Amino acid sequence: MPTSSAGPVKVLVVDDSVLMQKLMTQIINSTPGFQVIGVAGSAEEGWDAIQELRPDILTLDLELPGRHGLKLLARVLKQDPLPVLIVSAFGGPGADNTIQALELGAIDFIEKPDGTTHTLDGFMKHVGMALQRASASRRLLLAARAATGAAATGAPVPSRPAIAREVSRTVGKAPLIAIGASTGGVPAVQVVMRDLAFTRLPMVVVQHMPAGYTAKFAARLAAATGLDVREAVDGDRLRPGMAVVAPGGHRHLEIEERRGEFVCLLREGPLVSGHCPSVDVMFHSVARSAGAQAVGVLLTGMGRDGADGLLAMRKAGAETLIQSGETCVVNGMPKAAFEIGAADRAVALDQIGGVVAGLIGERPHQRTA
């Protein structure tokens, strides 16, 4: 049961709807290990409550009166960082705002119930799961604050046994970069893709995200990186300078080699490692189609999706990297990959692009912040 040093994990609810305040309070207080310590109806009230009550987790509606919720989020993350869960209306401008909030550093989002597609039962379940992810993120944040050790430098992962590989370990100029992520992955994926955009190598991304959000995510990645980033379509042929994002919904994204080209396949199927689309499914397909001519990167996320697929890539000769634990929002998926020997290296987020560029024989561009 997640608890703070003084008892249950303390949650502040910021929402201008009295109905949502009551609903969130009921759900959170009925979730073992969590307790609502206050509610606020505006950004200004929310900031004052944070200073007075010192919550462990903040749930935040983006559509607030007065100053917008995004501004409160930016202020919180800059001046008084704590895990923030976005409670968002689905689709339309709400999706754009949610993606922007995740880019700013919110760790996760929950879609408000609409009585049809997004039911109350589903909402209650998602709140409970999101609270667990936020609690894990909070523990990681506290550990990072207390740690005195240096950040990872991209050295090979220690104490990992040698893995039997089907082909040579020499990668050369890899024609494909495969990236998987979940909780906290929106800004992490953007950092990695931005740092690798100059290589013009095709990239394929699975970021756990519902339908209706992945197209917005792809568009924002395109604007941030200058690459041709799009939501994957069945039959898409990957070209230099192109990246695809697996569409949220009920289809897995696989990559197949056809006549020297990599082609996207979208196939309906059950959840794999708890997700659809699944990072494991994508990584396994890259292992089959690209072998040593690929690099696999597994980023922040809850659970273990991607660990088995990354191991398959490593056995097939690909270079495999995981995001270092201290730079993850939630060190679940990378840790799972480390524990089964799937990773060649654990690398701090802001160094992944440079390490991958070195592996494929390119010289990283100097970042100009």
Fill in the blank from the handout: Filtering strands (runs of 3 or more DSSP E) wholly in segment 270-369 for at least 1 residues that are within 27 Å of P210 (Cβ to Cβ) gives 294-298, 319-323
Problem - Residue check, V263 under 21 Å from A307 (Cα atoms), assigned to a strand (DSSP E or B), modelled with pLDDT of 95 or more and β-branched (V, I, T) - result: no
Exercise for the section: Using the structure shown, decide if P270 is of a type outside the set (D, E, K, R) and in contact with a His (Cβ under 8 Å, 6 or more places away or on another chain). Expected result: no
Completion exercise
Taking segment 235-251 and keeping only residues that are closer than 19 Å to F217 by Cβ and open to solvent by 10 Å² or more (accessible area, probe 1.4 Å), one is left with D236, L238, P247, G248, G249, H250, R251
Practice task
Would you please name the residue that is modelled with the lowest pLDDT, looking only at residues in segment 266-301 that are open to solvent by 20 Å² or more (accessible area, probe 1.4 Å) and within 28 Å of G358 (Cβ to Cβ)?
Solution key: Q293
Practice task
Identify all residues within segment 208-242 that are farther than 21 Å from C276 by Cα and of a type in the set (S, T, Y); write none if there are none.
Solution key: T225
Exercise for the section: Within segment 185-198, track down each residue that is closer than 12 Å to I99 by Cα, open to solvent by less than 10 Å² (accessible area, probe 1.4 Å) and not β-branched (V, I, T). Expected result: G185
Completion exercise
For segment 319-328 the number of residues that are open to solvent by 10 Å² or more (accessible area, probe 1.4 Å) and touching a Lys or Arg at 6+ places or on another chain (Cβ under 7 Å) is 1
Exercise for the section: Would you mention how many residues in segment 35-60 are open to solvent by less than 10 Å² (accessible area, probe 1.4 Å) and touching a residue at least 40 places away in the same chain (Cβ under 8 Å)? Expected result: 4
Practice task
Determine if segment 303-318 includes at least one residue that is of a type in the set (G, A, S), on the phi > 0 side of the Ramachandran plot, touching a Ser or Thr at 6+ places or on another chain (Cβ under 9 Å) and surrounded by 24 or more Cβ atoms within 10 Å (Cβ to Cβ).
Solution key: yes
Completion exercise
When segment 329-355 is checked residue by residue, the ones that are open to solvent by less than 10 Å² (accessible area, probe 1.4 Å) and at pLDDT below 95 are V330
Problem - Condition check for E103: of a type in the set (D, E, K, R) and either in a loop (DSSP other than H, G, I, E, B) or in contact with a strand residue (DSSP E or B) (Cβ under 8 Å, 6 or more places away or on another chain) (or both) - result: no
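The values are calculated or read from the model by the stated rules, or taken from the named source; none is laboratory data. No experiment lies behind these values; they were computed from the predicted model shown. For neighbour counting, all protein chains shown are included, and Cβ atoms are generated from backbone atoms with ideal geometry for every residue, glycine included. All accessible areas refer to the heavy atoms of the entire protein, side chains included, with ligands and DNA or RNA removed. Shrake-Rupley method; radii C 1.70, N 1.55, O 1.52, S 1.80 Å.
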